[in-house]
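What follows is a set of notes on a single structure, which appears directly below.
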Amino acid sequence: MISVLLVDDEALVRAGLRMILETADDLTVVGDAGDGRAAIDAVNRYRPDVVLMDIRMPRLDGLAATAALRARERPPSVVVLTTFNTDDDVFQALEAGATGFLLKDTPPTELLRAVRLAAAGDSMLSPGVTRQVINRCTAQDRTRHRRAALARLEVLTGRERQVLIEIGLGHANAEIAARLHMSEATVKSHISHLFDKLAVTNRVQLAIAAFRAGLVE
């Protein structure tokens, strides 16, 4: 059972999310919070696997709360769920350690999928958000930074580089395992090595590394 904490300053939104999540047999909502500080207290109390986090909230916003939670020794996965999709919101959330970024008009089935992926260590971005990430990275790094980005990947083995490309293409662990003819356990092992070697904390940052190096267009 995957435990989920809901964080949003609107009680009606929290109630709606709870109704959606509780339609799934493998998900349970263990609590909710109306701002970032209350979210941190609730994580201490409930120890959820996944936190669905709004951005614009009183006292402590979702970005600061996400950074605080992800800095823990055993952090929950955080999926940002918001009505805002500006470049700054997206990149600040990813830099804070969010493992997903969804808009509140995301279909319920995709929301459930995002929670499951986050609990499994995968990530998911709304399609429009993914395009923002790609566009910014390719625009910034098309020429001047490409060589440095490639040099950063020299520490990787051939298999690790293949897994990195698959992550850049947006594939989940099961898909990567099937495409590269390896077990999911082996994929997870390679991803753990990628985190260590490239000094990143989530799959989105790995995807950005692949784009910057030109491994994925």
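Just checking the listed ones, Met182, Met124, Met53: in the Gaussian network model of the chain with Cα springs under 10 Å, the one fluctuating most is Met182.
Per residue, the chain exposes an accessible area of 48 Å² to a 1.4 Å probe, with every protein chain left in place.
The Thr109 and Ala174 beta-carbon pair, evaluated with R₀ = 30 Å, returns a calculated FRET efficiency of approximately 0.95.
Full extension from Asp196 to Arg47: what is 0.36 nm times the residue separation minus their Cα-Cα distance, to one decimal in nm? Mind showing how you got there, number by number?
Details: separation 149, 0.36 × 149 = 53.64 nm, distance 2.50 nm.
Gain on stretching Asp196 to Arg47: 51.1 nm.
If you run the Gaussian network model on the chain, springs between alpha carbon atoms under 10 Å, then out of Ala39, Ala15, Ala207 the most flexible one is Ala15. Given the options Gly34, Gly158, Gly97, state which has the largest fluctuation in a GNM of the chain using a 10 Å cut-off (strictly under) for Cα springs. Highest fluctuation among the options: Gly158.
For the stretch 1-85, carbon and sulfur atoms together expose 48% of the accessible surface, with a 1.4 angstrom probe and every protein chain in place.
Here the spin labels are modelled as points 7 Å beyond Cα on the Cα-Cβ line, and at Lys188 and Thr83 they lie 3.9 nm apart.
Nearest 500 deg cm²/dmol is fine: what mean residue ellipticity at 222 nm does the chain get from its DSSP H runs of n ≥ 4 alone, each adding -39,500 (n - 2.57), divided by its residue count?
Details: 11 runs with 118 residues, N = 217.
The per-residue figure over the chain is -16500 deg cm²/dmol.
The values are calculated or read from the model by the stated rules, or taken from the named source; none is laboratory data. Values in this document were obtained by computation on a predicted structure and should not be read as measured data. Ideal geometry is used to build each Cβ from the backbone, glycine not excepted, and the neighbour counts take in all protein chains shown. The accessibility values were calculated without ligands, DNA or RNA, using every heavy atom of the protein model including side chains. Shrake-Rupley method; radii C 1.70, N 1.55, O 1.52, S 1.80 Å.
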